[in-house]
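K.L.:
Questions regarding the structure given below will be posed in turn.
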Amino acid sequence: MKQCLCGSGRSFDECCKPIIDGAPAPTAETLMRSRYSAYALGNTDYLATTLSSDLSDEFDQVEADGNASDAKWLGLEIKSVSGGGEDDEIGEIEFIARFQLHGQQRVHHELSQFSREDGRWVCSGGEMNPKSPPRQSTKIGRNEPCPCGSGKKYKKCCGA
């Protein structure tokens, strides 16, 4: 049993292969995983057919073929999935794809948008290297109770 390239833990024959061969992807994540597998296999025709009509005009087949033949794909990590379920019309997936190109390890970090066109999932855009929302912290006053739960004032406990 050949493991699927997308890292799902399932066999390629029951995971991405049917989608790449033409079966409709039931979810945006399934489509995104199949697109990763297609990159790894060098199947740039599939990549072109799974783009939204807005993006398909911008797709450079020659550049994609060159990148696909030169890259060695090392793994896919799904960071987050929002929407994109079987009953949804849009979805968003943040992922990290690791690959090697011309002997150098590289990382592709993207927040991709997916939508349905004529009932099938397509990739409809993306943001490279998305920024996380800024972390917020609350300032603890010196005379406030210590957040560690000791019952002491902050200045006499963790703030000392």
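K.L.:
Please state which one of 27, 44 is surrounded by 18 or more Cβ atoms within 10 Å (Cβ to Cβ), at pLDDT 95 or above and of a type outside the set (A, V, I, L, M).
P.N.:
The match here is 27.
K.L.:
Right, here's the next one. Starting from residues that are outside any helix (DSSP H, G or I) and touching a helix residue (DSSP H, G or I) at 6+ places or on another chain (Cβ under 7 Å), keep the ones in the stretch 37-55 and report whichever is farthest from residue 101 (Cα to Cα).
P.N.:
Going through the qualifying residues, I end up with 50.
K.L.:
Could you list, in sequence order, all residues of the stretch 119-143 that are open to solvent by 90 Å² or more (accessible area, probe 1.4 Å) and farther than 30 Å from residue 98 by Cβ?
P.N.:
Correct list: 136, 137, 138, 139, 142, 143.
K.L.:
Next up: Run down 63, 77 and say which single residue is acidic (Asp, Glu), touching a residue at least 12 places away in the same chain (Cβ under 8 Å) and open to solvent by 40 Å² or more (accessible area, probe 1.4 Å).
P.N.:
Residue meeting the stated conditions: 77.
K.L.:
What's the number of the only condition in (1) under 23 Å from residue 48 (Cα atoms); (2) modelled with pLDDT of 90 or more that residue 105 fails to meet?
P.N.:
Condition (1) is where residue 105 drops out.
K.L.:
Would you confirm, using the coordinates I've provided, whether residue 111 is open to solvent by less than 40 Å² (accessible area, probe 1.4 Å), in contact with a Pro (Cβ under 7 Å, 6 or more places away or on another chain) and either within 14 Å of residue 39 (Cβ to Cβ) or free of Cβ contacts under 8 Å to residues at least 40 places away in the same chain (or both)?
P.N.:
The answer is yes for residue 111.
The values are calculated or read from the model by the stated rules, or taken from the named source; none is laboratory data. Note that this is a predicted model, so its numbers are computed, not measured. Virtual Cβ from ideal backbone geometry, glycine too; neighbours counted across all protein chains shown. Each accessible area value is taken on the protein alone, full model and side chains, heavy atoms only, with ligands, DNA and RNA left out. Shrake-Rupley method; radii C 1.70, N 1.55, O 1.52, S 1.80 Å.
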